[in-house]
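Have a look at the structure below before the remarks.
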Amino acid sequence: MIRHSIARGIVLSGIAALLISGSGAAQAQTTTLLNVSYDPTREFYEEYNPRFAEYWKGKTGKAVEIRQSHGGAGKQARAVIDGLEADVVTLALAYDIDAISELAKLLPPDWQSRLPHNSCPYTSTIVFLVRKGNPKGVKDWNDLIKPGVSVITPNPKTSGGARWNYLAAWGYALKHNNNDEGKAREFVAAMFKNVPVLDTGARGSTTTFAQRGIGDVFLSWENEALLVLKEFGTDKFEIVAPSLSILAEPPVTLVDKFADKHGTREAAQAYLEYLYSDVGQELAAKHFYRPRNTEVLAKVESQFPKIELFTIDAMFGGWQKAQKTHFAEGGVFDQIYKR
Amino acid sequence: MAGAAGHFGGTNKAGGRVGTRDPRWMRWGLTMVAVVFLAVMLILPLVIVFATAFSKGWAGFAAAIAESESWSAIKLTLLAAVVSVPLNLVFGVAAAWAISKFEFRGKNLLITVIDLPFSVSPIIAGMLFVLLFGAHGWLGPWLAARDIKIIFAVPGIVLATVFVTVPFVARELIPLMQAQGREEEEAALSLGASGWQAFFRVTIPNIKWGLIYGVILCNARALGEFGAVSVVSGHIQGVTNTMPLQIEILYNEYKFVPAFAMASLLVLMALLTLVVKHGIEWRAARSHAQTVDETVGVAATA
């Protein structure tokens, strides 16, 4: 009897497996795009995707379905390099896409000139999120190195946002120490001494700060900070705008090799271009990204704190150089975090 | 517990009652510590999971489960379990049978290999598959040329689940079958049974409770596996997220009710598994007692 029930169990489970896996193959008519993105864009793309699908249907009559994958930007780039077949990547910083180009040759090295504004349809910056009333009196970057101030940031090795955090702090220190690299290094090292936890992605850090209640200051994407205010209420947290911060440019691009393999180049390209349209720009603004379109920006400017911004190109000579000096194996971050 | 201790103290005359019997406050104190610990560490979290899941009532709970991404995560988790459990059932029985009934070279090596998924961290298990099947892994280019997707697709999830659940059935059966020895099978063979007959009529009935128990443990782990699956998943929403992964994603998206609704479903599956396990242990104990009775009865009449 046992023999029969075991055999039957195996057959039944085999059939069930076929049924479940088969149901996915049946909907092959619609084009499917995979957008591999970083952590804080979830809400934005969740709203953008159906809007694009609608637009694409109206324009070409074809149905398109967009699938999302989110995680720390470095980790996501790694997954694409390891074979996660993204049609488009929308990551936190240019270097992660450079890595995909360099290590896996999935897209041309000059990808960043293919779309307007360095392939960054929206920008953001780094601000401070503090608990209501700002009990530690944090006003600017130099307050973050004071003893007893606990700073939350994700790990620059795995998170794009964290690399922007790090570079923003470094840029501030350079500017206030007559471009003395040694002083900047001491400053950033002192800041990381005040970091109790390094999460792998921005969203993990948000949860650490907002949900688990750890830390006094959270170095955050501006859009993520504004989202926290929206989700948790302005009675719990407030945003502090530092005197100086970095212009964070999260780029987007087509992954040529995978898009061609899937035959989705046309739709994928349109998906990215539509980000620059009024609809895309307004949605980006709604989710607290700074839109590139000056008309759209003018309408929403009041929601963003006024901060003096510097670019990575001006301060660090571009991502390639910054990555090599600061975040590569054995780079400055490794050296200061070890001590 | 306290009763047993008291009974023990009472019968142990040589040591004297006072020496072995704990004072009342200690017995109560220890019991209370255990109860409080259980309540805080086990019962309270369970209550919180269910309370949050139903904080917006049945409708909120049902809507959360019915969401297409959550639903596909449930299906994927069930698929992973449905594939890995039977595979490990067959493999576990075969391995345990070989190890306990035969002598061969490399037997210890086989036992060690079976234990491997227990001893390595799940993230290593996941990375192993990336190194093997990833775009730049050993088999990656070969697979890519044939457009076979393993990593960041459903097969990778299933493989990772199979890997981490390998030891459960075998580990449950090996000590049991070793203790039983091979006399009964030898007797069956000497009476003219074929190998398969001996296996199905003698071996299987002897190990059936251990086998079912192993399957239950294997199933529980297959449903709950997070680490290894997370590495090979790629987190494509609605495609490669299992229930545990989907719970983390929902939580990170500030969707607490859906996250805990999924969590409660997973907890329910686990509780169900434990109830079945308990029932089986009870039946096993009863059938064991019965066989002992019968043997005693037979011995007495003989």
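Among residues of the range A:154-172 that are at pLDDT 90 or above, those with a beta-carbon under 6 Å from a residue that is basic (Lys, Arg) at least six positions away or on a different chain give the pairs A:156/A:163.
Across the range A:288-315, the qualifying residues are those that are assigned to a strand (DSSP E or B) and charged (D, E, K, R), and the one among them that is farthest from residue A:244 (Cα to Cα) is A:290. For the range A:69-105, taking the residues that are assigned to a loop (DSSP other than H, G, I, E, B) and surrounded by fewer than 24 Cβ atoms within 10 Å (Cβ to Cβ), the one that is nearest to the other protein chains (Cβ to nearest Cβ) is identified as A:82.
Being of a type in the set (A, V, I, L, M, F, W, C), at negative phi and facing chain A (nearest Cβ under 9 Å) holds for only one residue in B:120, B:113, B:83, and it is B:83.
Of the residues making up the range B:140-155, not a single one is crowded, with 24+ Cβ neighbours inside 10 Å, closer than 22 Å to residue B:85 by Cα, out of contact with any Gly (no Cβ under 9 Å at 6 or more places or on another chain) and in contact (Cβ under 8 Å) with a residue 60 or more places away in the chain. Annotation: residue A:153 fulfils all but one of (1) over 22 Å from residue A:305 (Cα atoms); (2) within 15 Å of the chain's Cα centre (by Cα); the unmet one is (1).
I want to confirm something. Restricting to the range B:216-245 and keeping residues that are among the small types (Gly, Ala, Ser) and surrounded by 22 or more Cβ atoms within 10 Å (Cβ to Cβ), which single residue is nearest to the other protein chains (Cβ to nearest Cβ)?
The residue in question is B:234.
Name the single residue, out of those in the range A:39-53 being within 9 Å of residue A:70 (Cβ to Cβ) and either at pLDDT 90 or above or among the aliphatic types (A, V, I, L, M) (or both), that is surrounded by the most Cβ atoms within 10 Å (Cβ to Cβ). Looking at residues that are within 9 Å of residue A:70 (Cβ to Cβ) and either at pLDDT 90 or above or among the aliphatic types (A, V, I, L, M) (or both), I get A:41.
What number of residues in the range B:130-149 are of a type in the set (D, E, K, R) and more than 10 Å from chain A (Cβ to nearest Cβ)? Don't jump to the end; show me each part of the working.
Going residue by residue through the range B:130-149, those that are of a type in the set (D, E, K, R) are B:146-147, B:149.
Checking the rest, the ones that are also more than 10 Å from chain A (Cβ to nearest Cβ) come to B:146.
Adding up the residues that qualify gives 1.
Residues are listed down the side, and each one gets a yes or a no for (1) outside any helix (DSSP H, G or I); (2) within 14 Å of chain A (Cβ to nearest Cβ); (3) in contact with a Pro (Cβ under 6 Å, 6 or more places away or on another chain):
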site	(1), (2), (3)
B:42	no, no, no
B:46	no, no, no
B:52	no, yes, no
B:55	yes, no, no
B:62	no, no, no
B:70	no, no, no
B:128	no, yes, no
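If you filter the range A:228-256 down to residues that are in contact with a Phe, Trp or Tyr (Cβ under 6 Å, 6 or more places away or on another chain) and closer than 30 Å to residue A:85 by Cβ, you find that the one that is surrounded by the most Cβ atoms within 10 Å (Cβ to Cβ) is A:248.
Condition test on residue B:173, is it of a type outside the set (Lys, Arg), within 11 Å of chain A (Cβ to nearest Cβ), farther than 28 Å from residue A:258 by Cβ and touching a residue at least 60 places away in the same chain (Cβ under 8 Å)? Spelling it out, it is not the case that residue B:173 is of a type outside the set (Lys, Arg), within 11 Å of chain A (Cβ to nearest Cβ), farther than 28 Å from residue A:258 by Cβ and touching a residue at least 60 places away in the same chain (Cβ under 8 Å). Just one of (1) touching a strand residue (DSSP E or B) at 6+ places or on another chain (Cβ under 9 Å); (2) modelled with pLDDT of 85 or more fails for residue B:252. It is (2).
The values are calculated or read from the model by the stated rules, or taken from the named source; none is laboratory data. Just so it is clear, the model here is predicted, and its values are computed rather than measured. All Cβ positions, even for glycine, are placed from backbone atoms using ideal geometry, and neighbour counts span all protein chains on display.
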